[in-house]
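S.K.: Below is one structure. I have some questions about it.
The numbers here are math on the coordinates, done by the rules we state, and not lab data. Please read all numbers here as calculations on a predicted model, not as lab measurements. Neighbour counts are summed over all protein chains in view; Cβ atoms, including those assigned to glycine, are modelled from backbone coordinates with ideal geometry.
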Amino acid sequence: MKAVYPGSFDPITNGHLDIIERAAGLCDELVVSVAVNIEKTPLFSVPERVDMLREVCAPYKNVKIDHFHGLLVDYVEGIGAQAIVRGLRAVSDFDFEFQMALMNKRLKPAVETVFLPAASDNMFISSSLLKELSKFDAPIKDLVPPSVEERLKAKLRKDNR
């Protein structure tokens, strides 16, 4: 089975990596794809996010990195995948993700959505929270891969000049 794990990954966190590792173990090929969302103003560009993902996902031989814009289900169908992987941190995530899964199923009945609950030590991690912590120089060492921490700190230093 080929599956897609979409997200903004701005930046990728250890919570994302946990989902990637577990999802990669469930399928033949996992495509981790940066979603281009015109409603959001990301800190990192799409090429920067793709680079970070390629770097931290290198150990997973069945993981490919990509990006897309438009409807997720059209992208999933277009690359020949059968499933969408979504991570859930809290009940509030489930409500939104469940609605999206039902709409995606209506649009493309052949595409399944697989929900993976976050590991308990990652349930509170979000990219938005990490960016805020980093702005105030709070420690994020155990929340992101080391290379991502370096890029995040460098980006915020550059933006604060």
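S.K.: For a quick check of your reading of the filter: which chymotrypsin sites (Phe, Trp or Tyr not before Pro) in the stretch 109-161 sit in a DSSP loop and have no more than 11 other Cβ atoms within 10 Å?
M.R.: PHE136
S.K.: Suppose only helical runs count, i.e. DSSP H with n ≥ 4. What mean residue ellipticity at 222 nm does that imply for the chain under -39500 (n - 2.57) per run, divided by all residues and rounded to the nearest 500 deg cm²/dmol?
M.R.: Computed ellipticity for the chain at 222 nm equals -13500 deg cm²/dmol.
S.K.: If you don't mind, another one. Please compute one quarter of the surface area of the Cα convex hull for the chain and express it in square nanometres.
M.R.: Hull-based average projected area comes out at 9.3 nm².
S.K.: What number of lysine-lysine pairs in the stretch 51-161 show an alpha-carbon separation below 15 angstrom, given a sequence spacing of 8 or more or placement on distinct chains?
M.R.: Total qualifying Lys-Lys pairs in the stretch 51-161 comes to 8.
S.K.: Taking amide H positions as placed 1.01 Å from N in the peptide plane, with prolines and chain starts having none, which residues 5 or more places from GLY87, or on another chain, fall under 5 Å of its amide H?
M.R.: The list, which skips near neighbours in sequence, is LEU116.
S.K.: Report the local net charge at LEU107: Lys and Arg +1, Asp and Glu -1, summed over other residues whose C-beta lies under 10 Å from its C-beta.
M.R.: So the environment of LEU107 carries a net charge of +1.
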